[in-house]
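Visitor: Starting off with a structure, shown below.
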Amino acid sequence: MDQTGTVKVAVISDTHGLLRREVVAELRDCTHIIHAGDIVRESDLDELRLYGSIYAVRGNNDLWQSGLSDLAGVLWFQIAGVSFVMTHDRYDVPRNLDGVQAVIFGHSHRYSEVWSDGRLWLNPGSCGRARFGGDVTMAKMTLRNGKILGVQRIDFEKEG
């Protein structure tokens with residue numbers, strides 16, 4: 001949190017065992033990190049904890065991974081007064097979203113940022129390997145006093 005009470009949050013998903021150095025560099029100005037699943041390597045989650053408070057859910061590829069299979073499938077939390085719900089697959093989002101300001105999900109490897117009925121639906125895309133012809137992306141959110149001030153899409157170069 002800075003002097004104005006503004007909080008920066010990194011939103012990532014689908015790292016699939018590849019925690020890129022350029023992604024880590026983007027975490028440095030964030031106090032919180034949200035990971036929407038498919039982490040695959042527990043050591044990556046341990047490294048993310050070094051950079052900020054972490055909120056993570058289990059993805060379909062985490063089900064068989066020691067140390068990751070016990071992560072919640074759906075996680076409800078608040079950061080800077082903003083209410084979140086997160087799950088890996090959009091189809092697992094709970095029906096009752098009363099009071100939720102931001103829905104975070106991954107799985108498709110495609111960035112999506114939609115505001116509907118005053119609620120943000122955000123898929124940060126995949127910031128591990130480029131898959132299914134998609135881009136390599138993540139997002140950063142700026143929060144203050146229970147409000148989402150902005151969302152920034154961040155694009156990375158595809159490998160090879």
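Visitor: Measuring from the lowest to the highest alpha carbon on each principal axis, how far does the stretch 15-88 reach, largest first, in angstroms?
Guide: 33, 28, 15
Visitor: Using alpha carbons only, what's the Rg to Rh ratio of the stretch 7-156 with Rh from Kirkwood?
Guide: 0.93
Visitor: About the Cα centre of the stretch 1-77, what is the dipole size in debye to 20, counting +1 per Lys and Arg Cβ and -1 per Asp and Glu Cβ, all else neutral?
Guide: 80
Visitor: If the only charges are +1 at each Lys and Arg Cβ and -1 at each Asp and Glu Cβ, what is the size of the charge dipole of the chain around the Cα centre, to the nearest 20 debye?
Guide: It works out to roughly 300 debye.
Visitor: Positive end of the dipole of the chain, charges at C-beta (+1 Lys, Arg; -1 Asp, Glu), about the Cα centre: which of 40, 150, 25 has its Cα farthest in that direction?
Guide: Result: 150.
Visitor: Using θ = phi - 60° and the Karplus curve 6.51 cos²θ - 1.76 cosθ + 1.60, what whole-Hz ³J(HN,Hα) does each residue of the stretch 128-139 get, with Gly and Pro shown as x?
Guide: These are the phi-based 3J(HN,Hα) values: x, 7, 5, 9, 6, x, x, 8, 9, 9, 8, 9 Hz.
Visitor: Please arrange 30, 127 by counting, for each residue, the other beta carbons lying within 10 Å of its beta carbon, fewest first.
Guide: Lowest to highest Cβ neighbour count: 30, 127.
Visitor: Kindly list the residues of the stretch 120-160 that lie in the label zone of residue 24, defined by a backbone N under 15 Å from the point 7 Å along the Cα-to-C-beta vector.
Guide: Flagged as within label range: 128.
Visitor: To continue, here is another question. Going Cα to Cα from residue 8, which lysines come in below 19 Å? Please leave out same-chain ones fewer than 8 positions away.
Guide: 140, 147
Visitor: So what is the calculated 222 nm ellipticity per residue for the chain, using -39500 (n - 2.57) for each DSSP H run with n of 4 or more, over all residues, to the nearest 500 deg cm²/dmol?
Guide: Calculated from helices alone, the mean residue ellipticity at 222 nm is -2000 deg cm²/dmol.
Where a number appears in this text, it was derived from the coordinates with a stated rule and is not lab data. Treat the numbers as computed from the prediction; the structure is a model and nothing was measured. We place every Cβ from the backbone using ideal geometry, glycine too, and count neighbours over all the protein chains shown.
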